[in-house]
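Written out below as structure tokens is the structure these notes cover.
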Amino acid sequence: MICPRCDSDTAHKLVDAPVNKAWEVFLCDTCFYSWRSTDPKELSDPKTYSKKFKIDVANIPKLAVIPPIPPLEKK
Amino acid sequence: MAFKDLREFLKYLDKNGQLVTVNDQIDPEPDIAAIGRASVNLPEGPAVLMNKIKGYPYPVAINICGGWANHALMMELPKETTVRDQFFAMNERWDKLTPPTVLTNKKDAPCKENIITKDINLFDVMALHRINDQDGGYYISKAACITRDLNDPESTGKENIGTYRIQVKGKDLLGIQALGYHDIAIHLREAEKQNKPVPIAIALGNHPLVSYMAGTSIAYDESEYDYVGALQNGVPLEVIKAEESNLRVPAGSEAILEGYILPRQRGVEGPFGEFPGTYSGARLQVEIKVTTITHRNNPIFENLYVGIPWTEIDWLMGLNTCVATYREMKAQQPEVVAVNALYTHGAVTIISCKPRFGGYAKTVAFRALCSVNGRTNTKIVIVVDENIDPFNLEQVMWCLANRMAPENDVAIIKGAPGMPLDPSSEQAGISAKMIIDATTPVPPAKMPKEINILVPPVGYQQWEQTLAKMLKK
């Protein structure tokens, strides 16, 4: 399944609604975007997802690390 | 003591006409967020309990502390209490630090009514919902996160209770924002140096003062729980030990997520619609594995709607920020009368004081910019005279209009620490500070020219009371 936000083929169904399976929630294992089956196309379809909020997978390692990871202490 | 947990506070709000219950079925999106926005838009807007969310078994509560009426009721003050009077009431209680009562019997702690240790699925326990359209997912925005200092694990003072944004990244995986200046980041840094996980308990649906203190800037070795006791006029909060660690959790909370911070690991988190009214972008942030959930029967998921200010967060980090900053300053500068740090976590802070000597307003501003909250969050400090109410913006604007000469009374300090989420800063976490001295010059500073200030007519205070009584009739 293609992630609407980062276009990776790493999205999958995460859960069904606990009551009456009223909806499904999906999750991308690459960018951790999640959405519900009831969401509009602007939030659930890779073609119509907001370009401003798309994530380029190549840029993920360049994202700010918060907080920075300190050097390991020598024992 | 009027209430000991969220449920009792909901009853108290209801009794005081500050709770609305929605029993019709609503959708997780966009209804919960829309109700959150609407509730704070209403004058003295109510808390809202939503009982039937499509697809979820349990209710959601929102805007519990938003609005000055709810804020006053949280401290058991009359809901009409003015902001200034709430400030001084809180200040009066600030010293009454009272350690919590630690319960030993789980039967006395409602948060232990159900204990889940297998097949963790957060969606089974809470009605997770999207808050703003472009959030990276579902956020837990009003939790109290409890951690300890691994180098001093018995210290209850260094035990930290803080609210940080939390993204649900799986059935049992969370992302959390721990900014460098947050106390939780101190715990994390020491643990990551040793490649050790940090045990964490995340309390949801809390006594309102737990949520309130979790958003208050106090010293690293001070206990938020002790302050909850103080703000309750010396009545201790009830806590109990977590299942998997020695962390103390509020006994009456709706749910406790227990687990650990994965050391030396970061994953994509965000964006999230943040308190400045803008999205903060996606970043590589800390991750938490949830291993145990304890919860009350029919747990209420209390969450925070965050939008363009003001929303509930502005009350959650409002007067507490004012009083904490005031107390820090007052200890060394007794001339300080009151502090208004209500605007976007104190980004704009207004201080009234009686200047002791020429230029004193600037030293007052410097001290504010060194306070626990002010060193990062405060960008603009306005100093006014002691007879000006800093909570009365009409008076403050009068001072800016008439007592401040831009060529002499404004100072800019570049390259200081800033609030990383400030959309106006060029570099996240670095900001210029602006000091505006709107006080009347005292010697050796010179008045630009002689002024003669107007004096109210004799008898006006008595007439105020008379007219007010006539209005009530």
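The values are calculated or read from the model by the stated rules, or taken from the named source; none is laboratory data. Keep in mind that what you see is a predicted model, and the values were worked out from it rather than measured. When we count neighbours, we look across all protein chains shown, and the Cβ atoms used for this are built from the backbone with ideal geometry, even at glycine.
When region B:125-153 is filtered for residues that are over 18 Å from B:Tyr305 (Cα atoms) and free of Cβ contacts under 8 Å to residues at least 40 places away in the same chain, the ones remaining, listed by number, are B:Asn151, B:Asp152. Could we say that B:Thr98 is over 30 Å from A:Ser34 (Cα atoms), assigned by TED's automatic domain parsing to the domain that holds B:Val40, β-branched (Val, Ile, Thr) and in contact with a Gly (Cβ under 7 Å, 6 or more places away or on another chain) here? So B:Thr98 passes the test.
Could you please find all residues in region B:155-181 being in a loop (DSSP other than H, G, I, E, B) and either without any contact (Cβ under 8 Å) to a residue 60 or more places away in the chain or at the interface with another protein chain (Cβ under 10 Å from one of its Cβ atoms) (or both)?
So in region B:155-181, the residues in a loop (DSSP other than H, G, I, E, B) come out as B:155-159, B:163-165, B:169-172, B:177-181.
If the condition is that a residue be in a loop (DSSP other than H, G, I, E, B) and either without any contact (Cβ under 8 Å) to a residue 60 or more places away in the chain or at the interface with another protein chain (Cβ under 10 Å from one of its Cβ atoms) (or both), then B:Tyr164, B:Lys169, B:Gly170, B:Lys171, B:Gln177, B:Ala178, B:Leu179, B:Gly180, B:Tyr181 are the ones that fit.
Table: residues versus (1) within 23 Å of B:Ala341 (Cβ to Cβ); (2) at pLDDT 95 or above.
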{"position": "B:Val381", "(1), (2)": "yes, yes"}
{"position": "B:Val384", "(1), (2)": "yes, yes"}
{"position": "B:Ile388", "(1), (2)": "yes, yes"}
{"position": "B:Ser425", "(1), (2)": "yes, no"}
{"position": "B:Gly429", "(1), (2)": "yes, no"}
{"position": "B:Met447", "(1), (2)": "no, no"}
{"position": "B:Ile451", "(1), (2)": "no, no"}
{"position": "B:Gln462", "(1), (2)": "no, yes"}
{"position": "B:Thr466", "(1), (2)": "no, yes"}
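When A:Pro40, A:Pro4, A:Pro46 are screened for being under 26 Å from B:Gln265 (Cα atoms) and either surrounded by 14 or more Cβ atoms within 10 Å (Cβ to Cβ) or not polar (S, T, N, Q) (or both), only A:Pro4 passes.
When region B:22-36 is filtered for residues that are of a type in the set (A, V, I, L, M, F, W, C) and touching a residue at least 24 places away in the same chain (Cβ under 8 Å), the ones remaining, listed by number, are B:Val22, B:Ile26, B:Ile32, B:Ala33, B:Ile35.
The residue list B:Phe3, B:Phe9 contains one member that is outside any helix (DSSP H, G or I) and away from chain A (no Cβ under 14 Å), which is B:Phe3. Given the condition in a strand (DSSP E or B) and not assigned by TED's automatic domain parsing to the domain that holds B:Asn63, answer yes or no: does some residue in region B:354-377 qualify? Checked region B:354-377: no residue is in a strand (DSSP E or B) and not assigned by TED's automatic domain parsing to the domain that holds B:Asn63.
Considering each residue of region A:31-40 in turn, at least one proves to be over 28 Å from B:Gln194 (Cα atoms), at pLDDT 95 or above and more than 15 Å from the chain's Cα centre (by Cα). For region B:123-141, residues that are in a strand (DSSP E or B) and surrounded by fewer than 17 Cβ atoms within 10 Å (Cβ to Cβ) total 0. Here B:Gly346 fits the description: under 24 Å from B:Val40 (Cα atoms), without any contact (Cβ under 8 Å) to a residue 40 or more places away in the chain and either under 13 Å from the mean Cα position of the chain (by Cα) or not assigned by TED's automatic domain parsing to the domain that holds B:Ile116 (or both). Given the condition under 24 Å from A:Asp29 (Cβ atoms), out of contact with any helix residue (DSSP H, G or I) (no Cβ under 7 Å at 6 or more places or on another chain) and in the same structural domain as B:Pro100 (by TED's automatic domain parsing), answer yes or no: does some residue in region B:149-166 qualify? Yes, some residue in region B:149-166 is under 24 Å from A:Asp29 (Cβ atoms), out of contact with any helix residue (DSSP H, G or I) (no Cβ under 7 Å at 6 or more places or on another chain) and in the same structural domain as B:Pro100 (by TED's automatic domain parsing). Among the residues of region B:56-76, is any surrounded by fewer than 20 Cβ atoms within 10 Å (Cβ to Cβ), among the charged types (D, E, K, R) and at pLDDT below 95? No, region B:56-76 contains no residue that is surrounded by fewer than 20 Cβ atoms within 10 Å (Cβ to Cβ), among the charged types (D, E, K, R) and at pLDDT below 95. Right, B:Asn303: under 26 Å from B:Phe123 (Cβ atoms), touching a Ser or Thr at 6+ places or on another chain (Cβ under 6 Å) and touching a residue at least 40 places away in the same chain (Cβ under 8 Å) or not? In short, yes.
Right, B:Asn114: on the phi < 0 side of the Ramachandran plot, modelled with pLDDT under 95 and assigned by TED's automatic domain parsing to the domain that holds B:Leu237 or not?
No, not satisfied.
Looking only at region B:399-434, residues that are within 14 Å of another protein chain (Cβ to nearest Cβ) and either more than 30 Å from B:Phe272 (Cβ to Cβ) or touching a residue at least 12 places away in the same chain (Cβ under 8 Å) (or both) come to 5 in all. Anything in region A:12-70 that is in a helix (DSSP H, G or I), facing chain B (nearest Cβ under 7 Å) and either basic (Lys, Arg) or in contact with a Phe, Trp or Tyr (Cβ under 6 Å, 6 or more places away or on another chain) (or both)? List them, or say none. If the condition is that a residue be in a helix (DSSP H, G or I), facing chain B (nearest Cβ under 7 Å) and either basic (Lys, Arg) or in contact with a Phe, Trp or Tyr (Cβ under 6 Å, 6 or more places away or on another chain) (or both), then A:Leu43 is the only one that fits.
Taking region B:98-122, which residues are within 14 Å of another protein chain (Cβ to nearest Cβ) and either under 26 Å from the mean Cα position of the chain (by Cα) or assigned to a strand (DSSP E or B) (or both)? Lay out the reasoning, then the answer.
Just the residues of region B:98-122 that are within 14 Å of another protein chain (Cβ to nearest Cβ), to begin with: B:116, B:119-122.
Scanning region B:98-122 gives B:Ile116, B:Leu122.
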